[in-house]
Structure formats: C-alpha cells, structure tokens
Amino acid sequence: MSKMLYRDPKNGKLGGVCAGVAEYFGVEVWLVRILTVSAFLLGLGFVVLVAYIAACLILDKMPEEHRYQQNVYNDHKVKQKSWQAGQQPEQVLQNLEMEFDQMETKVRDMEAYVTSSTFTVQREFKNL
C-alpha cells in the first residue's frame, strides 16, 4: 500500500496542508508550521502562499478510514507529557508497563514459533 498525501483539516489550522504534510513525513505538525512561516517571512512569501493555496485546492481531504488508522496509531503517545493528557504519572507508568507486558508476550510467542519445528518445516518447503 503506497502512502498518499492528504489535507488534514481536522488537525489543521487553515486548510490542513501543514498537518497533512506532517502526517505524510511522520514529523510533528508544529515543525512543518514553523518551516512554512519561516519560509514565508524569509522572502519566499509569494511562493509559499501560492504553493499553500494550490495544495489546498489539489489535495483531497483525508478519508475517514485513514483517519481511523491514524487515530489508532496516535493512541500510543509516549512523547506526550502526562499532565497534558490529564493523567496521573502513576497511571501513565501503569499503562506503559501493561503495553510492555503485551509486547513481551508477543515477542515470546514469535520466538516460540520461530524456534519450533513447524517453522523449520514450512521454511524448508518454501525454499523448494
């Protein structure tokens, strides 16, 4: 599945172009906004304005199924400060411990499968 560039008006301020670009490249939205405003103020004002308007007109809005996938991915907010999320630090640590326990269980299951004879036999048949 190829990655598509969309506008993200729900997370955006004006047209959602910066939010869409940030989501596409996997960077923070504030960084894209600062780069856009800096380019505008450092003499590229007309070019930035035309490019932003063109992107608003050309790019499609982010589909709901893509937004759902994005929300599932963003539910894991390790970088977020606990006071910003309204959680107590003890609750954040408890949630992280639970997530690490789930990851450890998955890794143990994968290790058990990879070291099993079933995996070896399947791998040998695929190599034929």
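Quick note: the coordinates plus some simple rules give every number you see, no bench work behind them. Quantities reported herein were computed from a predicted structural model and do not represent experimental measurements. Positions of Cβ are generated from backbone atoms using ideal geometry, with glycine treated the same way; all protein chains shown enter the neighbour counts.
Modelling each spin label as a point 7 Å along the Cα-to-Cβ direction, I'd like the Leu96/Ala112 distance in nm, to one decimal. According to this spin-label approximation, the distance is 2.8 nm.
Here Ser117, Ser38 are placed in order of increasing Cβ neighbour count within 10 Å, fewest first, which gives Ser117, Ser38. Counting beta carbons within 10 Å around each of Arg33, Arg108 and listing the fewest first gives the order Arg108, Arg33.
Once R0 is set to 41 Å, what does the formula 1/(1 + (r/R0)^6) return for the Cβ-Cβ distance between Lys10 and Phe125, expressed as a FRET efficiency to the nearest 0.05? In this case the efficiency is close to 0.30.
By the count of neighbouring beta-carbon atoms within 10 Å, fewest first, Met4, Met62 end up ordered Met4, Met62.
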